[in-house]
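One structure is given here, and the rest of the page talks about it.
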Amino acid sequence: MDCAARTHSVVSTATMTSALFSKNSAHSRVFTVKCSSKNVSLDGASSGLVERPWKLADARLVLEDGSIWKAKSFGARGTQVGEVVFNTSLTGYQEIITDPSYAGQFVLMTNPHIGNTGINFDDEESMQCFLAGLVIRSLSISTSNWRCTETLGDYLAERNIMGIYDVDTRAITRRLREDGSLIGVLSTENSKRDEELLEMSRTWDIVGVDLISGVSCKSPYQWIDRTRSDWEFNDNGRNNETFNVVAYDFGIKHNILRRLASYGCKITVVPSTWPASETLKMKPDGVLFSNGPGDPSAVPYAVEAVKELVGKVPVFGICMGHQLLGQALGGKTFKMKFGHHGGNHPVRNLRNGCVEISAQNHNYAVDPESLPDGVEVTHVNLNDGSCAGLASSKMKLMSLQYHPEASPGPHDSDPVFGEFIQLMKQEKVKA
């Protein structure tokens with residue numbers, strides 16, 4: 001309140017003192033309010049504009065269903081198109097935004113408060129951010145973590161990633177659950193009309209697009225880093241035996257490589273287009289097919305490589321690798337309504353009856369009815385009954401639709417890396 005402006009007074013500072021109760025009352029309380037004005041004329045007009053202490057809505061999220069969501073921007077500015085998916089993880093936003101599997105997607109966090117732990121460079125799951133943008137309810141105004149090196153907003157701005165906040169993420173999530181994943185356009189550009197952004201959302205598609213080639217490494221490299229000793233949570237049953245593993249990079253997360261190294265693997269990471277014949281020349285004890293973004297049907301070259309390796313060497317597929325294995329075996333994959341994204345998905349291990357709480361991030365799944373005889377469904381997602389794992393002892397393969405390395409997420413499924421070690425060890429004994 002500007003007292004000078006309200007009273008048309010030429011006095012720049014006024015002091016008002018008032019008693020809420022009578023001075024004779026035992027509960028009397030006195031307060032003082034000081035109001036000031038600067039360069040205010042007698043008619044109350046200010047000589048200059050006063051900047052508001054809060055940010056106004058300066059961004060729009062336009063969805064292909066025609067809905068328009070006003071929001072406030074952080075990170076980079078501009079206009080970006082992508083598929084909108086929601087993630088139910090409570091923590092781990094840094095691992096999520098650096099997961100290459102989110103290429104081409106806007107990630108909406110259902111947990112409302114994001115950014116409170118800032119950013120540190122120990123938790124990154126790749127060398128850069130591949131997601132199209134980040135959608136959150138509330139952006140933390142401060143950071144509080146002993147490892148924090150910068151804020152989330154600064155981090156995204158440096159990497160040219162758009163973000164919006166102060167938007168009704170619960171309402172958008174309900175819409176995605178009811179209608180399925182939607183294409184959207186984020187924009188901070190006032191020059192672009194709503195109709196123009198809507199047209200962009202309706203003419204762009206993520207189905208059938210090869211997103212893997214944009215996130216894979218360009219040449220082979222060696223990975224040696226293990227899980228740090230102060231973060232190691234499962235070192236039971238390890239031995240000093242070393243296994244040579246070739247890991248196909250379809251968008252691989254660093255923690256998959258750390259967990260394999262911690263289990264005694266010497267890892268060579270190769271590009272997604274690496275020929276199977278070259279892999280066999282390296283004489284690996286096993287091959288890993290990693291996670292990755294997008295539609296498995298859009299990368300037939302990867303399916304062919306998997307097909308050539310199955311049965312010749314022990315193989316382990318994770319997420320995209322699981323889907324590529326399904327197709328290589330003659331099965332079919334399909335796009336889910338809104339996918340699985342989060343660190344709290346229950347999965348039943350059909351071999352031992354145990355339930356694992358898992359970290360998941362995928363929009364496609366394998367149709368178990370399309371798989372040939374001899375391929376066993378080992379895991380089932382308890383939310384929707386979808387196929388979450390495959391195995392075949394005859395073909396020396398195993399796979400999971402979810403992320404056993406977590407990051408972020410629970411560690412229930414970490415022992416599966418030990419199962420891969422056993423699969424390679426059995427083959428070594430036969431040889």
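The values are calculated or read from the model by the stated rules, or taken from the named source; none is laboratory data. The structure presented is a predicted model; accordingly, all values stated were derived computationally and were not measured. With ideal geometry, Cβ positions are generated from the backbone for all residues, glycine too; neighbour counts draw on all protein chains shown. Remember, those area values only see protein heavy atoms, side chains included, never the ligands or the DNA or RNA. Shrake-Rupley method; radii C 1.70, N 1.55, O 1.52, S 1.80 Å.
Here are a few things to note about the model shown:
- Residues that are within 26 Å of Arg258 (Cα to Cα), out of contact with any Leu (no Cβ under 9 Å at 6 or more places or on another chain) and outside any strand (DSSP E or B), drawn from the range 394-407: Tyr402, Pro404, Ala406, Ser407
- Some residue of the range 58-74 being under 26 Å from Pro346 (Cα atoms), in contact (Cβ under 8 Å) with a residue 24 or more places away in the chain and not aromatic (Phe, Trp, Tyr): no
- Search result, residues across the range 142-172 that are basic (Lys, Arg) and under 21 Å from Leu131 (Cα atoms): Arg159, Arg170
- Of all residues in the range 79-95, none are hydrophobic (A, V, I, L, M, F, W, C), without any contact (Cβ under 8 Å) to a residue 40 or more places away in the chain and either closer than 19 Å to Leu186 by Cβ or in a loop (DSSP other than H, G, I, E, B) (or both).
- Complete set of residues in the range 344-375 that are among the polar types (S, T, N, Q), under 22 Å from Asn291 (Cα atoms) and out of contact with any Ser or Thr (no Cβ under 8 Å at 6 or more places or on another chain): Gln360, Ser370
- Selection within the range 337-346 - over 24 Å from Ser392 (Cα atoms) and either among the aliphatic types (A, V, I, L, M) or surrounded by fewer than 16 Cβ atoms within 10 Å (Cβ to Cβ) (or both): Lys337, Asn344
- Cβ-Cβ under 6 Å pairs, at least 6 apart or on other chains, the range 374-393 side in a loop (DSSP other than H, G, I, E, B), far side not polar (S, T, N, Q): Gly374/Lys394; Val375/Leu329; Val375/Leu390; Leu382/Pro346; Leu382/Arg348; Ser386/Ala365
- For the range 144-153, the set of residues classified as in contact with a strand residue (DSSP E or B) (Cβ under 8 Å, 6 or more places away or on another chain) and surrounded by fewer than 18 Cβ atoms within 10 Å (Cβ to Cβ) consists of Cys148, Thr149, Glu150, listed by residue number.
- Selected residue [modelled with pLDDT under 95, surrounded by 12 or more Cβ atoms within 10 Å (Cβ to Cβ) and outside any strand (DSSP E or B)] from Asn234, Asn239: Asn234
- In the range 107-122, the count of residues that are of a type in the set (S, T, N, Q), open to solvent by 60 Å² or more (accessible area, probe 1.4 Å), under 30 Å from Glu178 (Cα atoms) and touching a residue at least 60 places away in the same chain (Cβ under 8 Å) is zero.
- When Phe31 is tested against the conditions (1) in a loop (DSSP other than H, G, I, E, B); (2) at pLDDT below 50, the lone failure is (1).
- Taken over the range 194-227, the criterion of being more than 21 Å from the chain's Cα centre (by Cα), at pLDDT 95 or above and aliphatic (A, V, I, L, M) is satisfied by Leu197, Leu198, Met200.
Rundown of residues vs (1) in a strand (DSSP E or B); (2) over 23 Å from Asp99 (Cβ atoms); (3) open to solvent by 70 Å² or more (accessible area, probe 1.4 Å); (4) among the hydroxyl-bearing types (Ser, Thr, Tyr), yes/no style:
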{"residue": "Ile164", "(1), (2), (3), (4)": "yes, no, no, no"}
{"residue": "Arg174", "(1), (2), (3), (4)": "no, yes, yes, no"}
{"residue": "Glu178", "(1), (2), (3), (4)": "no, yes, yes, no"}
{"residue": "Lys192", "(1), (2), (3), (4)": "no, yes, no, no"}
{"residue": "Leu197", "(1), (2), (3), (4)": "no, yes, no, no"}
{"residue": "Asp210", "(1), (2), (3), (4)": "no, no, no, no"}
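- Tally, over the range 347-369, of residues that are closer than 18 Å to Gly92 by Cβ and open to solvent by 20 Å² or more (accessible area, probe 1.4 Å): 2
- The range 407-426, subset closer than 16 Å to Thr91 by Cβ and touching a Gly at 6+ places or on another chain (Cβ under 6 Å), residue surrounded by the fewest Cβ atoms within 10 Å (Cβ to Cβ): Pro408
- Any hit, the range 71-90, residues being buried (at least 17 other Cβ atoms within 10 Å of the Cβ), out of contact with any helix residue (DSSP H, G or I) (no Cβ under 8 Å at 6 or more places or on another chain) and among the aliphatic types (A, V, I, L, M): yes
- Residues of the range 125-134 that turn out to be out of contact with any helix residue (DSSP H, G or I) (no Cβ under 7 Å at 6 or more places or on another chain) and open to solvent by less than 30 Å² (accessible area, probe 1.4 Å), as a count: 2
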